1. Along the charge dipole of the chain, which of ALA122, LEU97, ALA71 sits closest to the positive end, that is, farthest toward it, with unit charges on the beta carbon of Lys, Arg, Asp and Glu (+1, +1, -1, -1)?
2. So what J values fall out for segment 63-78 if you push phi through Karplus, 6.51 cos²θ - 1.76 cosθ + 1.60 with θ = phi - 60°, rounded to Hz, Gly and Pro as x?
3. At 222 nm, what value in deg cm²/dmol follows for the chain if DSSP H runs of at least 4 each add -39500 (n - 2.57) and the sum is divided by all its residues, to the nearest 500?
4. Output the relative contact order of the chain, whole-number percent, from Cα pairs under 8 angstrom with separation of 6+ residues.
Amino acid sequence: MRSDEERTMDADIQAAEPPIVVKLAAAVHGMAGLFVGLVGLQLLGVTFRAGWANFVPPFLCVLGLTGIFLAAMQYRARGWAGIGSAILGVVAAVTMLGWLFYTLTSVLSCIVYVAVPLSGLAAILNLIAVGPILKTAQARQRLSDRGMNLGL
């Protein structure tokens, strides 16, 4: 007969593996970060008449690189990365949608047409994945408190 402590530890070991929704959200967020960064990189040499628009391409590059980094940490189910990815996903989706409407008649870029829906999907999946990421992080913390680090 197994004790309650052993059953709890077994449940925590099973909960320490991130669910598939976390891995899917991280993969989509990484791809969205790549495409957002590519949009920014593509537009670095372009000068816009509106002064504020000249700051958007470097911002998109930073947003894309940050998205790729957070996606890697989200895949490892870090609690802080789940929350950061959800916030960054919404910011990236809104920024890309606004940029699409601003450049719709002046700049033709097929990457934007991929980045906008991918950013929106990443934002939705990241918001869904926050709960499972936090549960996984809590289970790992409980295991670590018991002396079982798992190398994660």
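1. Farthest towards the positive end: LEU97.
2. Values, residue by residue: 4, x, 5, 5, x, 5, 4, 5, 5, 5, 6, 5, 4, 7, 6, 7 Hz.
3. Details: 5 runs with 116 residues, N = 152.
Estimated from H runs of four or more residues: -27000 deg cm²/dmol.
4. Details: 200 pairs, mean separation 53.1, N = 152.
The normalised contact order for the chain reaches 35 percent.
Throughout, read-outs are computed from the coordinates displayed, never taken from laboratory work. All of these numbers come straight from a predicted model, not from anything done at the bench. Counting neighbours? That spans all protein chains shown, and the Cβs are built from the backbone with ideal geometry, glycine included.
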